[in-house]
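> Just dropping this structure here.
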Amino acid sequence: MRFRDKTIEELLDLEEEIKTDIQIGDHGSYYELIDLYKTLYRRISSDRESEYRSSLFHIKGQLVYHLVTHGTYLKTVHQKDDRNAKKCLQEALKYDYKLPIAQYRLGFLAYKKGSHSVALLHFEQAVKYKKEQVNKIFQLNEQQMYNAHLYLVNCGLFLAQQAQDSLRSLGKGDELPLPYEMSPYYPMIAGTEEYLVGHEYCKVTEEGEDYIGKDACEAYKEDFNTLILDFTDRIVTLTWNRKMTSLAGNQAEIIRHFLLKSCEENPLPRQSFFDLFTASDASGEVPRNTYIQAVGRLRRKFAEIGLADVLPNRNVGGETAYYYAGPFPYMILHRSDDVFLLR
């Protein structure tokens, strides 16, 4: 979609249209939405006389929000992509560098590739800015904060080891007096690495959450008597009794929230999903039809795996509210560094 030839008024109209397409459909692209905000921000910030100058703060906030939370799905609402995620996180930091979760995820991506010096810098920033960031969406949870410190330890130890190896390659490592012995650090690196690998994934059930390793995560996926919402692969899936369906990013978040927060005594109205449904009506609320249509699509997703009537509704204060009513256990699997908008 070409934005450069459109007026600001036309771009603002398109904003709601693209948001709605993404939220209630299986089509639409976060790339278009992010590109639209970039165009708006560039156009308005370059015109000091623009009547829209007062909206710059909001537009910048929306741009950063979508770069961080949806950058993983840049080209499609279905497939995750680490390359796009990295690009979007780096871009978000250009607009606001005090984003702990963006720094943390960039650190994690660098660490996986063995770029320990880069990872160390990102984890340092994540820890540093945690105290300054007030937006809960960009914050680190308790486990991520703990992991960040462990990653910092290992990055430092890996760099110290590399430095000593470099000295030895120069023929100086055994001649120059060093203020430390490397040997005690090897067990520390191994121990910390073992903990991080063993806590790479998170399993959430009605009993609570537990951090697990990759092998355990794969084993849990073979539980055919449990409804499994799986965020761990490139495509998010919903599985029950050997039947599987793929989910868009927003659809998966909505189901996750229903599983964790709803029941017959506590059905969820549309405003429970305000942080996710970024398209709003004139009153600033989630449009009623948008919510109903989104739930309708989720019901069809459940039907694809042989489940019907698991999202019934109740009228609560004149509002249609829905809740999860499956008669069997559920399990949510995700990476420990995943970001969820609804907490």
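The values are calculated or read from the model by the stated rules, or taken from the named source; none is laboratory data. Note that the structure is predicted; figures quoted are calculated from it, not measured. Glycine also receives a Cβ, built like all others from the backbone with ideal geometry; neighbour counts cover every protein chain displayed. Accessible surface is based on the protein model in full, side chains and every heavy atom, while ligands, DNA and RNA are left aside. Shrake-Rupley method; radii C 1.70, N 1.55, O 1.52, S 1.80 Å.
> For the stretch 317-333, which positions are at pLDDT below 95, in contact with a strand residue (DSSP E or B) (Cβ under 8 Å, 6 or more places away or on another chain) and either within 30 Å of Ala102 (Cα to Cα) or not in a loop (DSSP other than H, G, I, E, B) (or both)?
Scanning the stretch 317-333 gives a single hit, Thr320.
> Same structure again: Every residue in the stretch 190-215 that is touching a residue at least 60 places away in the same chain (Cβ under 8 Å) and surrounded by 13 or more Cβ atoms within 10 Å (Cβ to Cβ), please.
His199, Glu200, Tyr201, Cys202, Lys203, Val204, Thr205, Tyr211
> Mind counting the residues in the stretch 1-15 that are within 30 Å of the chain's Cα centre (by Cα) and not in a helix (DSSP H, G or I)?
Adding up the residues that qualify gives 4.
> Taking the stretch 39-54 on its own, how many of its residues are surrounded by fewer than 16 Cβ atoms within 10 Å (Cβ to Cβ) and without any contact (Cβ under 8 Å) to a residue 40 or more places away in the chain?
Qualifying residue count for the region: 9.
> Here's a follow-up. Looking at the stretch 135-156, which of its residues are among the hydrophobic types (A, V, I, L, M, F, W, C) and at pLDDT 85 or above?
Phe138, Leu140, Met145, Ala148, Leu150, Leu152, Val153, Cys155 - these are the residues of the stretch 135-156 that are among the hydrophobic types (A, V, I, L, M, F, W, C) and at pLDDT 85 or above.
> Listed residues His116, His122; which is open to solvent by less than 40 Å² (accessible area, probe 1.4 Å) and closer than 15 Å to Phe158 by Cα?
From the options His116, His122, the qualifying one is His116.
> Report yes if some residue within the stretch 62-73 is open to solvent by 40 Å² or more (accessible area, probe 1.4 Å) and assigned to a helix (DSSP H, G or I); otherwise report no.
no
> Right, something else. Give the stretch 36-61 a look and list any residue that's of a type in the set (Gly, Ala, Ser) and either modelled with pLDDT under 85 or not in a helix (DSSP H, G or I) (or both), or say none.
Ser46, Ser50, listed by residue number.
> Go through the stretch 317-343 and count every residue that is more than 17 Å from Val236 (Cα to Cα) and surrounded by 13 or more Cβ atoms within 10 Å (Cβ to Cβ).
Looking only at that region, the number is 9.
> Here's a follow-up. Where in the stretch 216-316 are there strands (runs of 3 or more DSSP E), lying fully within it, with 3 or more residues that are open to solvent by less than 10 Å² (accessible area, probe 1.4 Å)?
Result: 227-230.
> Could you please find all residues in the stretch 61-112 being under 12 Å from Gly249 (Cβ atoms), among the polar types (S, T, N, Q) and touching a residue at least 60 places away in the same chain (Cβ under 8 Å)?
Residues satisfying the conditions are Thr69, Thr72, Gln79.
> Same structure again: List, please: which pairs have Cβ atoms under 6 Å, are six or more places apart or on different chains, and start with a residue in the stretch 302-316 that is assigned by the TED database to the domain that holds Asn241 and in contact (Cβ under 8 Å) with a residue 40 or more places away in the chain and end with one that is outside any strand (DSSP E or B) and open to solvent by 70 Å² or more (accessible area, probe 1.4 Å)?
Leu311/Arg299
> Tell me, which residue of the stretch 74-108 that is outside any helix (DSSP H, G or I) and hydroxyl-bearing (Ser, Thr, Tyr) is surrounded by the fewest Cβ atoms within 10 Å (Cβ to Cβ)?
Tyr97
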